[in-house]
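Here is the structure we will look at.
Just so it is clear, none of the values below were taken in a lab; they were calculated from the coordinates. Computed from a prediction, not measured in an experiment: that's the story for all the values here. A quick note on method: Cβ atoms are made from the backbone with ideal geometry, for glycine too, and the neighbour counts reach across all protein chains shown.
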Amino acid sequence: MTEPILDIIDLAVHFTVSKGFVFSRRIGTVKAVDGVCLQVERGEVLGLVGESGCGKTTLARAVMQLERAAAGKILFESVDLRALSSLELRTLRPRFQMIFQDPYASLNPRMTVFDSIAEPLRVHGFAGRAHAKEHVGALMEQVGLAPRFMRKYPHEFSGGQRQRIAIARALALEPKLIIADEPVSALDVSVQAQILNLLSGLCKDHALTMILVSHDLAVVRHLSHRIAVMYLGKIVEIGDAESVFTSPLHPYTQALVNAIPWPDPDYEAAREKKPLRGDQPSPMNPPSGCPFHPRCPIAGPECARTVPDWVERARQRATCLKIE
Amino acid sequence: MSLLEVKDLKTYFHTRHGVVRAVEGISFDVNSGETVGIVGESGSGKSVAACSLLGLIPSPPGRIESGRALFGDRDLLHSTERELRAIRGKRISMIFQDPMTALNPYMTVGKQVTEPLIAHEPCSRADARAKAGEALVSVGIQDAALRLNDYPHQFSGGMRQRVMIAMAMITGPELLIADEPTTALDVTVQAQILELMKEMQTRLQMAMILITHNLGVIARTCDRVLVMYAGRILESAPLRMLFRETKHPYTQALMASMPSVHAKGGTLYTIPGMPPDPSSEIAGCPFAPRCAHAVERCRHGTIALQEVSPDHSTACIRVQAGEL
């Protein structure tokens, strides 16, 4: 096996919570990402799923160096991003790019499409002025936009088209790794399908590696080779996408799969629904032992005491004490 | 006997930029005890239709241009504000998408849950409070008696939606209108809330109109489904029939564009083009410009919803003519 393109070792991202404005004091720490180890192979699409507040976006932002990690290593092509100076980091940036959730917020409303897509090219000295126009046109064609719209502003486009612009901008520097944070959750169903097809096509054509962050397990399964499931800042299960989806090991993954409503009335009527109890606990004081034990249908007393270790199976692994 | 009979409802918004035809002549019935799902993408007019029934359309700019909505012996669309007030929150309740904006942040939950009781029934505060406690218990909120004194921000998203449900159910309404009740929630919480709503419905023998863009939620909860597009109903059928013998090309396209439960597909089906601009009048079928089966006839006149097999109606002239 070749070395992974991205190797995350024991990554932790903490946020301090303070109270008061003038004489603010620390009242706690949120461990948004708590000891995550994750390897991403070259050319794969890794789906990162979990519910809101589980730390998936923070993990993605930490890899992008948009969030300062408290501990751990982020090895991108064997270089620890956390150890780099900002100048060194900038020379590496073209190789990993991000697509954000909300295409209304991620594009500057006062910049034309051309300016938005050409900005990274200019910053990194990729193309001269004359060359840039061709380059931007080609990128727009790749994402399914007509190059004649180059001089338009973001507000003249629909949500799906804006997401295409954001994708073109991320592709401009020919990155090796793309992190897409909920790229379709702000879009309507029919538009969502267009963007998902576009992303999967691009990954194949350019041999891209992608981390796809989403709360929607159905979307993630559709695109990914592997799926990692996060709960309260930790990865609780990871493995081959179909295995994780069709035979989940961890009780949380099982609940997550069971909770998805499928557009198939017969299937919906036939299967047993087992909604989870309660809500995700506050990440400010996570439960002891296994973070899932207060909501887990099969938890025993030992689950509150012992932090579970990885249980390995042929195509996936999970952190649960109750797996035989 | 149907509980609610809507005939030819038209709601327009008269804006500075022209007339927006949000709901363009829809007719449907709701029988006692049944769940009718209204599914459609954003801008299809599903929420406006529901709000029109309860007189919740801001006027100006909104205006109900025509139609009747018979609820018992009363026409909701031609009732005075006073008459409507006697029905809203008593015989018909509504749940909204975002429980944070639907609840008043300055009022305790107890006060808000008792409000409909005090407004509609001769009921002392102490009685109302006791009933509110029971209502919170019935929607699965622990320590209900204590939590009556809490404010909405002290509840999680799922809990707030439970509070909304308790508030909507406390008067024992005959009809509940739920507008995207789970869209803002995580999947595991969504599963809990959908279960809860079904349970409450059986207990109170109540009819429900469930508005959603998610065909999975429809499949999980509804008895009958209306598919809306550009302010019109394009297809209406009992749940299983809609999924098994989908008639209208739009419904077919919508279903094909969702990731399937059974297999991890390659490319998703995408609907070309975009929904029509609601501020221009549409001749013929609103879906014709995006439809793979459209012929010249589809672009003229008005196309009415017609029964094509028992209990199954569609607004596609080619299906009506037996061509598709």
### Message
With a cut-off of 8 Å between alpha carbons and a minimum separation of six or more residues, what is the relative contact order of the range A:207-256 in percent?
### Response
24 percent
### Query
If you place +1 on the Cβ of every Lys and Arg, -1 on the Cβ of every Asp and Glu, and leave all else neutral, what size is the dipole of chain B about its Cα centre, to the nearest 20 Debye?
260 debye
#### Entry: FRET efficiency estimate (nearest 0.05) - Cβ-Cβ, B:Leu70 to A:Met284, R0 45 angstrom
0.30
### Message
So if I place +1 on the C-beta of Lys and Arg and -1 on the C-beta of Asp and Glu, and nothing else carries charge, what would the dipole magnitude of chain A be about its Cα centre? I want it in debye, nearest 20.
### Response
980 debye
### Query
So what is the 222 nm mean residue ellipticity for chain A from helices alone, if each DSSP H run of at least 4 adds -39500 (n - 2.57) and you divide by all residues, rounding to the nearest 500 deg cm²/dmol?
-9000 deg cm²/dmol
### Query
Any idea what the dipole of the protein assembly as shown comes to, in debye rounded to 20, about its Cα centre with Lys/Arg Cβ at +1 and Asp/Glu Cβ at -1?
1280 debye
### Summary
Once phi for every residue in the range A:62-70 is put through the Karplus expression 6.51 cos²θ - 1.76 cosθ + 1.60 (θ = phi - 60°), the whole-Hz ³J(HN,Hα) values, with Gly and Pro written as x, are 5, 5, 6, 6, 9, 9, 7, 7, 8
### Message
Among B:Gly157, B:Ser32, B:Leu234, which residue has its Cα furthest toward the positive end of the charge dipole of chain B, with +1 on Lys/Arg Cβ and -1 on Asp/Glu Cβ?
### Response
B:Gly157
### Summary
Taking Cα pairs closer than 8 Å and at least 6 residues apart, the relative contact order of the range B:2-229 in percent is 29 percent
### Message
Tell me which of A:Leu256, B:His312, B:Ala102 sits at the most positive position along the dipole axis of the protein assembly as shown, charges placed on C-beta atoms (Lys, Arg +1; Asp, Glu -1).
### Response
B:Ala102
#### Entry: Shielding by partners - mean other protein chain Cβ count within 10 Å, residues of B:270-278
3
### Query
When all alpha-carbon pairs of chain B are counted, what percent fall beyond 24 Å?
56 percent
#### Entry: Karplus (6.51, -1.76, 1.60) ³J(HN,Hα), θ = phi - 60°, over the range B:167-175, in Hz, Gly and Pro reported as x
5, 6, 8, 5, 8, x, x, 7, 9
### Message
Residue by residue through the range A:139-145, what is 3J(HN,Hα) from phi via Karplus (6.51 cos²θ - 1.76 cosθ + 1.60, θ = phi - 60°)? Round to whole Hz and write x for glycine and proline.
### Response
4, 5, 5, 4, 9, x, 10
### Query
Using r as the Cβ-Cβ distance of A:Phe23 and B:Ala126, and R0 as 51 Å, what FRET efficiency do you calculate, to the nearest 0.05?
0.75
### Message
Let me confirm one metric for peptide A:45-51, namely the mean number of other chain beta-carbon atoms within 10 Å of its residues' beta-carbons.
### Response
1
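In the neighborhood of A:Leu75, defined by Cβ-to-Cβ distances under 14 Å, what is the net charge if each Lys or Arg adds +1 and each Asp or Glu adds -1?
Local charge sum for A:Leu75: -1.
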## Note on the structure
1/(1 + (r/R0)^6) with r = Cβ-Cβ of A:His155 and B:Tyr151, R0 = 35 Å, i.e. FRET efficiency to nearest 0.05, evaluates to 0.40
### Summary
Candidate cut points under trypsin sites (Lys or Arg not before Pro) in the range B:71-133, DSSP loop plus at most 15 other Cβ atoms within 10 Å of their own Cβ, are none
#### Entry: Expected 222 nm ellipticity per residue - DSSP helices of 4 or more, -39500 (n - 2.57), all of chain B, to 500
-9000 deg cm²/dmol
### Message
Let me confirm one metric for peptide A:252-259, namely the mean number of other chain beta-carbon atoms within 10 Å of its residues' beta-carbons.
### Response
3
### Cα-based Lys proximity count in chain B, under 17 Å, for pairs eight or more positions apart or on separate chains
5
#### Entry: 0 to 90° range, to nearest 10: angle between helix B:109-120 axis and chain B longest Cα axis
80 degrees
### Task
Pairs of Cα atoms under 8 Å, at least six residues apart: use those to get the relative contact order of chain A, whole percent.
20 percent
## Note on the structure
Taking chymotrypsin sites (Phe, Trp or Tyr not before Pro) as exposed when in a DSSP loop with at most 11 other Cβ atoms inside 10 Å, chain A has its longest clean stretch at A:24-324
### Task
Specify whether the C-alpha gyration tensor of the protein assembly as shown places it in the rounded, prolate or oblate class, a ≥ b ≥ c being the square roots of the eigenvalues: rounded for a/c under 1.5, otherwise prolate if a/b is larger than b/c and oblate if not.
oblate
